[in-house]
Every structure is written in C-alpha cells, then in structure tokens.
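What follows is one structure encoded as structure tokens, with my remarks underneath.
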C-alpha cells in the first residue's frame, strides 16, 4: 500500500517581512492608506483622533488572537451568534419544503414493471423453507 505524507501546520500563514504575515501586511497597508487620506482631508486634531482609532483597530485586527485564532474570525463568529435566534423551535408545519420535495418526486416518471405477485400461501411456504435452511422442502402440488 502506498504511503502518503500528511500535511501538517496547514494553518500557518506565510511570512513576507520578518514576522509579518501577508494578512497582517495588508491590514497595516489599508490602515496606512486610511490615515494618509485622513491627513489630507481633516484638520490636525481630527487627524490625530482618526489616527488613534484606526491604529487601534489595525493592531487589534492584525495582531490580536482569541483562543488561538485571528481576531477577525472572532468578530465574524460573534456576529453570526448575535444574528441567530436565541430560541429554536421545531416547526412541524413546514409545508412549503415538503410540497417542493413532493413535486420533484411526482415529476419523475414511475416505472410500474413489477414482478408477478406470489400468493400468501406460497409466501408462507417459501418463508418456512428459508427459515429451516432448506430442511423443509415444501409440498408438491402435483
């Protein structure tokens, strides 16, 4: 049997500048662009406020980890959890889905080529033959 190597450490990101990964570099680059645009648009006091806020979010999303996973995964999971209903109730009357499934089943052509029916007395006899592993051979009707 052929042996295959199992990939390990598949969640490790590629480093591009020393310890900085591609994801971290892109986050820092985007925040730098936002800060540069805010420098051109706003006055100095508002620029400093934007600089502090954007820098905090940049460092948070680029370097912070929650339970060993990047912070943006934590934020996405939190949003999904908040959006989900607190109480889940089973809906017995989900008729629309059942009707759609039945329509797809009904649209398929049904093949009615069945084997001929065996009378119940013959079925009982065949069942007895199978149960006795062939020791009972059945009655001949000659």
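All conditions in (1) assigned to a helix (DSSP H, G or I); (2) at pLDDT below 95 hold for residue 2, with the sole exception of (1).
For segment 5-17, the set of residues classified as under 16 Å from residue 62 (Cβ atoms) and either part of a loop (DSSP other than H, G, I, E, B) or in contact with a strand residue (DSSP E or B) (Cβ under 8 Å, 6 or more places away or on another chain) (or both) consists of 13, 14, 15, listed by residue number. Out of 121, 55, 38, 45, one residue alone is at pLDDT below 75, more than 33 Å from the chain's Cα centre (by Cα) and either in a helix (DSSP H, G or I) or within 26 Å of residue 13 (Cβ to Cβ) (or both). It is 121. Residue check: is residue 113 part of a loop (DSSP other than H, G, I, E, B) and at pLDDT below 90? For residue 113, the condition - part of a loop (DSSP other than H, G, I, E, B) and at pLDDT below 90 - is met.
Quick check: is even one residue across segment 79-87 modelled with pLDDT of 90 or more and either surrounded by 10 or more Cβ atoms within 10 Å (Cβ to Cβ) or part of a loop (DSSP other than H, G, I, E, B) (or both)? Checked against the condition, which is being modelled with pLDDT of 90 or more and either surrounded by 10 or more Cβ atoms within 10 Å (Cβ to Cβ) or part of a loop (DSSP other than H, G, I, E, B) (or both), segment 79-87 yields at least one hit.
Residue-wise test of (1) touching a helix residue (DSSP H, G or I) at 6+ places or on another chain (Cβ under 6 Å); (2) exposed (fewer than 15 other Cβ atoms within 10 Å of the Cβ).
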{"position": "38", "(1), (2)": "yes, no"}
{"position": "43", "(1), (2)": "no, yes"}
{"position": "64", "(1), (2)": "yes, yes"}
{"position": "73", "(1), (2)": "no, yes"}
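The values are calculated or read from the model by the stated rules, or taken from the named source; none is laboratory data. Every value quoted in this text rests on a predicted model; they were computed, and no experiment measured them. Cβ: placed from backbone, ideal geometry, glycine included. Neighbour counts: every protein chain shown.
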